[in-house]
Every structure is written in C-alpha cells, then in structure tokens.
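Structure record follows, encoded as structure tokens.
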Amino acid sequence: MWRREDDIQTMLRDSAGDFLTDKHSPDRLRALRGTEPGYSLALWSEMAEMGWTGILLPEQFGGADLGLDEALTLAEMLGARLMPEPFVSSAVFAASLLCDAASQSAEEPGRKLAEGKAIVLPALGGAVRAVPGGPSVSISGTLASVSDWHDEALLIVETDGEAGPQLWAVPAGQAGANPRRMADGTHAADLTFDGVVLGPEQLLLSGPAVAASISRATARARLATSAMLEGIGRTVMDTTAEYVKQRKQFNQPLADFQALRHKMVDIHLQLELAGASWRAAAEALESDEPSASSKVAAAKARASDAALAATKAAVQYHGAFGYTEEADIGLYLNAALRLSAYLGGGAHLRQQALAAAKKEAV
Amino acid sequence: MPDNLSLKTEFSEMTDEAFRLQWRSWLEAHYPQEWRRPIVKRLHGPEEQRWLRLLHDHGWRLPAWPREHGGMGLPLSKQLIYHEELDRFGTARFLDSGGVLLGPVLIKYGTEAQKERYLAEIARGDVLWCQGYSEPNAGSDLASLTCQAVRDGAHYVINGSKIWTTMVQFSKRMFILVRTSNEDRKQRGISFLLLDMDTPGVSYRDIENLAGDVEFGQVFFDNVRVPVENLVHKEGEGWTVAKALLGGERLYSGSPGLSRHAMDTLERVIAALGLQNDPATNVLHSTLWCDVNDLTALYSKIADATIFGTAEGHEFSMLKILATELFQRIADACIEIAGAEAGAWDEAANEQLRRIFMIARPSSIYGGANEIQRDIVARALLGKPTR
C-alpha cells in the first residue's frame, strides 16, 4: 500500500466517515435532485460544525486553519460518498480567495462561511466591468457558468476596468441568473450584472494579486476535485468488485472471467495513476515548485478520465441493472460526468499541462 | 575491497543529496561518452565486463550487495538514487545477471564454498553469467519446465534445452533451473544448479531478434555432468531459491526511465519535423507527457512505500505493466509522428526509430509477461479465480 496519511488526516477521515454514514445516503441524494440548489443548507451548517466549511480559513475568521492536505483528504471522502454540498467550490476555491483578500473586507464573508451561514462561490473569468462612481463602483457585464449555484450565495466576482483586476463580494441576488441543471443535480448559472452598485467595503482584492490568487485557488480546487473523482472511482470499483465476485453466470462468478479481470485491472491502474498524480501535484503546489502548474493540470486530466472510465465500467459489469435509475451506479456516473468537466476535462487539461511544461522548461 | 573505498565517507553516513551528487560527478568524470546512448545501446560481453570492472575499481559496484561480499551495502533509499542517476545520465543498458539475479541467491542460500568461488569474480566483472530458465515449452508457465537433471553418483546429468537465454554468447557460466523429480506440485521438483558453459555437452545456437541484435539463443544439454556441489540450497527447493532478489530489483522494471528517454526522442523528432504547433501532434504529445508525469508520480510513491516496507507485490506488477506499455506507446508515437519516413529500416528523422520501436516490443513479454502481471493485480483486486 502506498497511500499514506498523518494522524490529523486519519482523524478527519474517521470522523467524516461517521458523520457521512449518519447524515447522508444515496437516497438523500436522489431526493435532492430536481430541487434547487440540489444540496442542503441545513447540512452545510452541520458541516460547518464539523469544521469543514472553514477548513482552510484562518482562526481570525473562525476557521480550522488546516492545510491543503487536510482539505484533500476530506474531498476524497466527500467524493466517495457523493456529497452534493459545495465543499470544493466554496470551502476550497472561494475560501482560498478569501484567505488572500485584505482581511477587513474578507472578515464577514469568511466568518459566515466558517459558520456555515453562507455559501460563498467564485464567479470568475467573465466580462464584467467595474466603473467608478464616487466612493462606490458600478459593475456590468456577463459571466458564464458559476458552479453550485444558489440564489442566496455570496459571490466573489472578478471585474476589470480602470482600476485593473479586482475581486468583489456580491450577493447572488444582485445578479440576473440563468441557472441550468447539471448531471449531479447541482446547478451552474450564467450571470448578468446590470449597473450593480458596490461599496468599498465589498472590495476584497485588487491588482496583480488577483491573478495570483485566482491561479492558486483554481489549482487547489482542481486538486480537491481530483481527490473527489478518485473517491468516486475507487468506491464504484469496490462496489463492482463485490458484485462480480458474487454474481454468477455459466456456473461461475463473473470475477472468474479473465477478460473482465484484466479490464478491471486497467481501470484500477488509471485510478492509481490519478491518486499518485494529484498527491504529487499537491506537494509541488504547496512547495511553490515551478512544475506545479503542469502537474496540477495533468492530475485533474487523469482524475477526470479515470473516474469516467471507472463509472462506465461499473455500469457495464452490473449488466442491465447498471443502466437503471434505481441502481446507485448512475449516481456515481452522473457525479463523474459533472466533476470530470468542472475546471477542465481531460483533453483540454492535457494540452494545458504540456503547454505549461514547455514554459517551465524555459 | 578496493583501497580507494576507505578514502570515501561511509555511503550510509552521507546524506542522500550528497550521495547523489558524488555519484553524478563520478558518472560525469568516468562514464565512457560513446556509451551515452540510452535505449539503443546495450553493453555486450567485453564492454559489459569493462563497465562492471570500472564500477568495481572505483567502489561503485553492486549497490544492493552487502559490503562483505563486495557490494556497497546501500540502504534502499540510496540504491534508488543510484538507479535514478544512471537513468538520468543516459547510460547504456546492461544485464549483469550475475550481480542482479544470481548474487542475491548465493548470498541467501549459497554455501560458504559457493560464495567464495563465485561472488568475487562477479563483483570484479571477470565472469558473466546467463540465466537458464525459459524453455521452448515453458515460458510464462515456467514451473512446467522439463529440462532434466538426474543424480548419478557425484554428479547431476542434465538433458534438455533452454531458450531466450540472454547474453549466452558472452557468458562463462549459467545458473539453471532443472527438474530433479516429478511431484504433484510441479514447483516442488525443481532444483537450482550452477553450470560452466564449457562443460562437455553444452552447445547453443544464436537467435537474432527484430532489433537486429544477436543477444539471446537456445542452449542444448546433452548428458551434461554437473558436480553436486553446484546445487544451490536443497534439491527440490529451486523454485523458492529463484525468487530471492535484493533491494529494489522488483521495482526497477516499473521505472519511468526508458519512457523518459523515448520521450526525449519523440520531442527531437517533433522539433526536427517542425510539428510543435501541429494540433494532432499536440494531442498525442500531451497525452504521453501526462502519462510520463503520472507514472513518475506513482513510481515515486511506490518507491517510498518500498523503503517504508508497505509496498505490496502486486504494486510492482502494476508499475511493470504501466512502464513497459508506456515505453511502447511512446515508441509507437515516434513512428506515427515521423509519417512517411517512419518505415525506414535504419534512420528516420535522424533517429533510430525502427530500432527503438523494436527494442520496446519485448518489454511487455520479459520479466513476467504483462498478461501474467495483470493476473497478479487481478488477484489482489478480486481474489483468486474460483476454478
């Protein structure tokens, strides 16, 4: 066995296991699908009590002040159990941006996030312009695909304009939103801002620090998603292994057939590569190595593809039953579909990895 | 032990980084430049002996052997660094069956007389050994071997044939698995013998491989008499004996080294043909780049686990499958990228692409065919087949 963890991670894993068994199940997930937002604010609040929503946030915000390693351990477990609550986009991505923000303006959103009273979501990469008007600014423009959309979330909106790149805390209700349902029951919203007025206390970050913060937060979120995808892949493979060992046809367990055995080995190899890749990328990212950029892209690409391969094979080896709504396999397949695309899928990120590697080599 | 060893700080007292730098400096100063042709060059016979002798004379021979037998006695962490640096430097492949496969067997199971007789000459590079395992009817199913050794007084008499015997052309001696009895469990009737290749009755024929090298052959045994003193350990225990390996040997077959060198070749071909911005080339190149990146990460994790003592057997099998198939896919990509020139016998785009392509083929066959390796991993995931 090559996966290792320290005592804090083991403790996190054990307490998470108990909590998740108690509070969550595939049936809860089914019940949430088709609702908006597709996850539970009440449970988000309970996750806050476990210290999870503020896992990366500093103590001054009421956070647990733990590191990326701990967040990734938790992400893997949440993926394995198919928790729909927005741990990655809020407790990792948005939290990471808040950590970089000027502490006065970040304090209120940070505290609310740590206490589980708010879902804070990144709203980046759009074409939103900030126009100064006295002490306030007015923002206008469009922004595509804010993941884990909730109409009462607090958004961290990226703007451009005379003052250069900036990040603002903006209540979701101030945006015109067009949410669409994603494969796993969460929603992604395309936003329009039409002259929304913001006060200076809403400014989180300005200048060159914005790009650096987004880059680091995106990398962390990609790794956390990779960990979730590994959790999904390994869980579904374990379930499938148990099934094929007991399901018999032609007087023998399906697990006796070499073609099936070898195919499952090949999927296992992809999941092992994924697990090693994101862990190596996390080490590089936390040590500020120049190679981090290419490694993070490669890790997310691998995790995306490995999870899809595993969930597809799980359908195949469960036979027709795998292709039903009532089987849990479909829940894993849909989660893999959504998360493999979130923040970049395999094809796109492999090219990005090579491009980054070429730059790093110079 | 050569004198200059006493001038060096104890290797195990050095930090890993200091050790790495010292070994790297030595390679830079002493490694024959004409041998710096990774993948395409393997050292044969006199060249291999020259290399082993050079290592021996400078105290860099046999990182995994105990010092009392002429090795460096390195902890596993430094053995891994040793191999990493050889890979990184871009050295020629070499077999060293005596050092890698036989040495650990004799160290663990040999008599004092056998150790004295054979270990030092292996360490000096004076004697090259070949491995007599596979037979025409026993490859992956090695335990079904039928090459027979019958006890006759103070000798065993061997009759039969071995095949795919690598470096038979250059070997003075052979260690051989023979059947000394027929048992219910076929492994139980196998014994491990040591044999001089110039013993009457031993003959061989060359077999040329698809890379154009004559490196292996078929060996024939016609009433070959071997002294019973040449039995290693007990009669009928040969199967167990053959499994003894030292240090990281099981790990190296899964090393990303060959893939990295193949990737260097691929990148040179891409540059030579001006394909750096070609979209289709980019898709292929980026896929393989990520494969090398991820294999390197997994290899590193399993190497660490090997040092900690938590690595499991099937994890070495996993790496062997991944490393060999990646090496092949990169060699395949070189051919694909080279386009119309790729079918050349000799060079294409200034690289020995056909040769690299061919050299990559047997990697999924030797060292435990990948089908068998997948069976091993499957057993870990799904248990043994019930029938």
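Structure above, values below:
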quantity	calculated
Cα-based Rg / Dmax (Å) for the protein assembly as shown	30.4, 109
Crossing angle, helix B:16-30 versus chain B [Cα axis fit, 0-90 degrees, rounded to tens]	90
Test item: Cα-centred dipole of the protein assembly as shown, Lys/Arg +1 and Asp/Glu -1 on Cβ, debye	1980
Sites B:LYS115 and B:PHE308 - FRET efficiency at Förster radius 35 Å, r taken between beta-carbons, to 0.05	0.70
Cβ-based charge dipole, the protein assembly as shown, positive-most Cα from A:THR10, A:GLY67, B:LEU74	B:LEU74
Placed amide H near A:ASP328: partners under 5 Å, 5+ positions off or other chain	none
Under-5 Å amide H pairs with A:LEU155, H placed in peptide plane, nonlocal only	A:LEU121, A:VAL170, A:ALA172
Cα-Cα separations in segment A:1-93 greater than 16 Å, expressed as whole percent	55
Averaged over A:243-251, number of beta-carbon atoms from partner chains that fall within 10 Å	1
Hits among aspartates and glutamates - C-alpha to C-alpha of B:LYS172 under 19 Å, sequence gap 8 or more where chains match	B:GLU47, B:GLU48, B:ASP96, B:GLU116, B:GLU121, B:ASP126, B:ASP196, B:ASP198, B:ASP206, B:GLU215, B:ASP222, B:GLU229
Taking the convex hull of Cα positions in segment B:283-333, its mean projected area over all directions (nm²)	3.3
Amide H contacts under 5 Å for B:HIS155, placed H, 5+ residues apart	B:VAL228
Chain A, Cα convex hull volume normalised per residue, Å³	135
Viscosity 1.306 mPa s, temperature 10 °C, Stokes-Einstein D of segment B:168-224 from Kirkwood C-alpha radius, µm²/s	121
Derived scalar couplings ³J(HN,Hα) [segment A:194-203; Karplus, 6.51 cos²θ - 1.76 cosθ + 1.60; whole Hz; x for Gly, Pro]	10, x, 6, 8, 10, x, x, 5, 8, 6
Sites A:ASP288 and B:ASP141 - FRET efficiency at Förster radius 45 Å, r taken between beta-carbons, to 0.05	0.30
Mean-position separation - Cα centroids, segment A:288-319 and segment B:25-70, in angstrom	40
Extension gain from B:ASN223 to B:LEU21, taking 0.36 nm per residue of separation minus the Cα-Cα distance	67.5 nm
For chain A, built as a Gaussian network whose Cα springs stay under 10 Å, the top-fluctuating residue of A:ASN334, A:ASN178, A:ASN251	A:ASN251
Distance (nanometres) between label positions extended 7 Å along Cα→Cβ at B:LYS384 and B:GLU336	4.0
Convex hull projection area averaged over all views, chain B, Cα basis, nm²	21.0
B:VAL219, A:VAL157, B:VAL283, B:VAL105 arranged by Cβ crowding within 10 Å, fewest neighbours leading	B:VAL283, B:VAL105, B:VAL219, A:VAL157
Hz values of 3J(HN,Hα) by residue in segment B:127-142 - Karplus curve (6.51, -1.76, 1.60), Gly and Pro given as x	10, 9, 10, 10, 10, x, 10, 4, 10, x, 10, 9, x, 4, 8, 4
Selection of GluC sites (Glu not before Pro), segment A:132-177, meeting DSSP coil and at most 15 other Cβ within 10 Å	A:GLU152, A:GLU162
Folded to 0 to 90 degrees: helix A:7-23 orientation relative to chain A principal axis, Cα	80
Nearest-0.05 FRET efficiency for B:ASP213 and B:GLU68, computed from C-beta distance (R0 41 Å)	0.65
Listed residues B:PHE192, B:PHE308, B:PHE220, most fluctuating in chain B (Gaussian network, C-alpha, under 10 Å)	B:PHE308
Vicinal HN-Hα couplings computed from phi for segment B:322-328 (Karplus, 6.51 cos²θ - 1.76 cosθ + 1.60; Hz; Gly/Pro x)	5, 5, 6, 6, 5, 3, 5
Linear extension gain, A:ARG30 paired with A:GLU115, 0.36 nm per residue minus alpha-carbon span	27.9 nm
Among B:GLY248, B:GLY274, B:GLY238, residue whose mean-square fluctuation peaks in a GNM of chain B (springs only between Cα atoms under 10 Å)	B:GLY274
Cα-centre dipole for segment B:274-387 with unit charges at Cβ (Lys and Arg positive, Asp and Glu negative), debye to 20	600
Relative exposure of A:MET50, B:MET263, A:MET83, judged by other C-beta atoms within 10 Å (fewest first)	A:MET50, B:MET263, A:MET83
Cα-derived Rg over Rh, computed across segment B:149-290 with Rh taken as Kirkwood radius	1.20
Order of A:MET182, A:MET47 - criterion: other Cβ atoms within 10 Å of each residue's Cβ, fewest first	A:MET182, A:MET47
0 to 90° range, to nearest 10: angle between helix B:112-124 axis and chain B longest Cα axis	30
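Each value in this text was obtained by applying a stated rule to the coordinates, not by laboratory testing. Remember, it's a predicted structure, so these values are computed and weren't measured experimentally. Because the Cβ atoms are built from the backbone with ideal geometry, glycine has one as well, and the counts that use them run over all protein chains shown.
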